[in-house]
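This report refers to the structure that appears directly beneath it.
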Amino acid sequence: MRIVNTSLVNARHASLRDARDPVVFFYNGLGDHLLALPAIRALAALFPKRLRIICIPLANATFFSDVAVRSFLDVEIRIIDGRRVFSADGLAKRIKACDLFISLAPWHSSSVEMLLQLTRPNYAIGFSQHFHEVLPNDSYRHSADVAFNAPRRIDCGLRIEDFSAPPRLSSENARRAIKLRRSLAGNRPLVIIHTDTIQEKMWPAEKWSAFLEIILNRYKTLVVFVVGSSHATADAICRKSRTFPLTGLPLSTSLALISIADWFIGVDSCMLHAADLFRIPAVGLFGPTNAEKWGFRFTKGHHVQGDLTMDSIGVDRVVLAFERLLSCSSSTLVCPQLDAGKPGRGLSTEASRFWPPTGADIMVDSSHFRT
């Protein structure tokens, strides 16, 4: 039996705060950037003006624009034969000194291993046995909490809620979203729907159509916006009045629309995680993925979990989940104020410091990510 001296472990973790050249590495799916956002904010707070973040181009401006760091190091990552590959040698030359390396990526590859060998940090934390300290990756613990294990290793007193504000929006995108809502929905209540992701996580278009048929007939003032990238799916389900296909918008504009919605309904994807951070009451549809790990963490939401497939989710279950959401939602009769300067719903005092929107609009190329 291995006996661990917890006082020595705690002392070691405390000493990590003195790192002069800490580096965080992160790359994964589009929505995973939002799930990792609280952890990245916490690490930046632990290492003020010292932390460097390795991420793909534009991720810093799209997801991490409010994170005060020493610098961002862009890296181009390719997927070859299922393996994530990048130039470890070129990246190591740009990093130069590194005394603490933290990987928030839930995967490991030969490129990451080579980067560790070249940078030779005094201490490395990550999800693989190749690191000095291995973070647990519990299959049934929420992914945001799994990532937040990293900063909590250094300061066990940190609370994820204090770093869980929404991603910062640009003023331009906030105004654009407000204009779209006012022009298309007026003062009527608004639900935003997101339908597209990888094929196995998508709910069939005919079921979306049946769902909209029911709720639009029952709620005569309700307006529906469909966001995402799939024009075909949006066009197929937006056949009734009060439904608007707004697919193909810049990601940042879609996020801004979600931030001023009354409700959100969507599949396991980036938009669902955005609704969660914006504290929008929501319904999430899950088939092959586990709602306990990938579902809502901060907002009031209902999960509809299928039997391993999305097709196993019946329309009646989604209608019931939405109506349960209406019954306990403060937005049932009153639209939210269209004020881009107001913080998201339910933010802690600490988290609200990451709001309001600011900066310039960024249009991200979603081909950089897997959903």
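The values are calculated or read from the model by the stated rules, or taken from the named source; none is laboratory data. Predicted, not measured: the structure shown is a model, and the values here were computed from it. Glycine gets a Cβ as well: all are built from the backbone with ideal geometry, and neighbour counts include every protein chain shown.
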Original post:
What pairs come up if the first residue lies in segment 44-61 and is in the same structural domain as residue 147 (by TED's automatic domain parsing) and modelled with pLDDT of 95 or more, the second is assigned to a loop (DSSP other than H, G, I, E, B) and charged (D, E, K, R), and their beta carbons are under 8 Å apart, counting only those six or more places apart or on different chains?
Top reply: 46/155; 50/20; 50/21; 50/70; 51/70; 52/21; 52/70
Original post:
Taking the condition under 17 Å from the mean Cα position of the chain (by Cα) and not assigned by TED's automatic domain parsing to the domain that holds residue 295, does residue 31 pass?
Top reply: yes
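In the list 173, 60, which residue meets the criterion of being surrounded by 15 or more Cβ atoms within 10 Å (Cβ to Cβ), within 30 Å of residue 254 (Cβ to Cβ), touching a helix residue (DSSP H, G or I) at 6+ places or on another chain (Cβ under 8 Å) and not small (Gly, Ala, Ser)?
Just one listed residue meets the conditions, 173.
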Original post:
Is there a residue in segment 91-106 that is at pLDDT below 95, closer than 22 Å to residue 128 by Cβ and in contact with a helix residue (DSSP H, G or I) (Cβ under 7 Å, 6 or more places away or on another chain)?
Top reply: no
**OP:** Looking only at segment 216-238, decide whether some residue is buried (at least 17 other Cβ atoms within 10 Å of the Cβ) and among the charged types (D, E, K, R).
**Re:** no
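Going by the structure shown, is residue 306 touching a Leu at 6+ places or on another chain (Cβ under 9 Å) and not charged (D, E, K, R)?
The answer is yes for residue 306.
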Original post:
Which one is nearest to residue 156 (Cα to Cα) among residues in segment 30-72 that are in a helix (DSSP H, G or I) and of a type in the set (D, E, K, R)?
Top reply: 41
Original post:
For residue 139, are the conditions met, namely being of a type outside the set (A, V, I, L, M, F, W, C), within 25 Å of residue 31 (Cβ to Cβ), in the same structural domain as residue 82 (by TED's automatic domain parsing) and surrounded by 14 or more Cβ atoms within 10 Å (Cβ to Cβ)?
Top reply: no
Subject >> Failed condition for residue 149, given (1) crowded, with 24+ Cβ neighbours inside 10 Å; (2) assigned by TED's automatic domain parsing to the domain that holds residue 38 >> reply: (1)
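Any chance you could count how many residues in segment 133-155 are assigned to a loop (DSSP other than H, G, I, E, B) and either within 22 Å of the chain's Cα centre (by Cα) or at pLDDT below 95 (or both)?
8
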Original post:
Looking only at strands (runs of 3 or more DSSP E) that fall completely inside segment 261-371, which ones have 2 or more residues that are at pLDDT below 70 and of a type in the set (Val, Ile, Thr)?
Top reply: none
Original post:
Which residue, of 97, 124, 105, is outside the structural domain of residue 294 (by TED's automatic domain parsing), out of contact with any Pro (no Cβ under 7 Å at 6 or more places or on another chain) and part of a strand (DSSP E or B)?
Top reply: 124
Original post:
Condition test on residue 266, is it farther than 22 Å from residue 170 by Cβ and crowded, with 24+ Cβ neighbours inside 10 Å?
Top reply: yes
Subject >> Boolean, residue 257 is surrounded by 19 or more Cβ atoms within 10 Å (Cβ to Cβ) and closer than 19 Å to residue 168 by Cα >> reply: yes
**OP:** May I ask you to list the residues in segment 163-222 that are more than 26 Å from the chain's Cα centre (by Cα), part of a loop (DSSP other than H, G, I, E, B) and not basic (Lys, Arg)?
**Re:** 185, 186, 187, 219, 221, 222
